Amino acid sequence: MGKLPTLDDPVVEQPRGTAPRQAKQSKGRQAAALVQAYLAGASIKDLTEQYGIHRLTVSKILKRHDVELRKRRLTEDEVDLAVRLYEQGMSQARIADQIGASPDGVRYQLLKRGVTMRGAHDWRYVP
């Protein structure tokens, strides 16, 4: 274990670099690239995987750059999967993350299929 400095020890100043500015510029370039990829046809799900960020973060970046988001309908296979996962106890939010949709979109499709929604206290943990 190291020794704590005393009042007699010389003050060591940490060098001040430009790392935060570089990081911010890098993030700006990444955001611009993300926007260009979306405008070129990449989906939000594709961008979350490519940049390793949450879908809501992708949406916020796109909205911040005044990009109109495309509406995407869930495929029949995705709705089937959502029904199975929900009936196994998974939350709407986790299902939405897994299939790249909004929780409201998942809820709408589950209700459309006649699935009975669980109450706030009727959940089951699904790892």
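Quick notes on this one:
- Within region 68-100, the set of residues being surrounded by 12 or more Cβ atoms within 10 Å (Cβ to Cβ), modelled with pLDDT of 85 or more and outside any helix (DSSP H, G or I) comprises LEU74, GLY89, MET90, SER91.
- Residue match in region 105-126 (condition: without any contact (Cβ under 8 Å) to a residue 24 or more places away in the chain, among the small types (Gly, Ala, Ser) and closer than 29 Å to ALA40 by Cα): no
- Qualifying residue in region 107-121 (condition: closer than 28 Å to ALA32 by Cα, surrounded by 15 or more Cβ atoms within 10 Å (Cβ to Cβ) and not assigned by TED's automatic domain parsing to the domain that holds ALA37): no
- Test: residue in region 32-45 that is outside the structural domain of THR116 (by TED's automatic domain parsing), farther than 13 Å from GLY100 by Cβ and basic (Lys, Arg): no
- For region 22-64, residues that are loosely packed, with under 14 Cβ neighbours inside 10 Å and either of a type in the set (A, V, I, L, M, F, W, C) or not in a helix (DSSP H, G or I) (or both) total 9.
The values are calculated or read from the model by the stated rules, or taken from the named source; none is laboratory data. All values derive from a computational prediction rather than experimental measurement. Note that each Cβ is placed from the backbone with ideal geometry, even for glycine, and that neighbours are counted across all protein chains shown.
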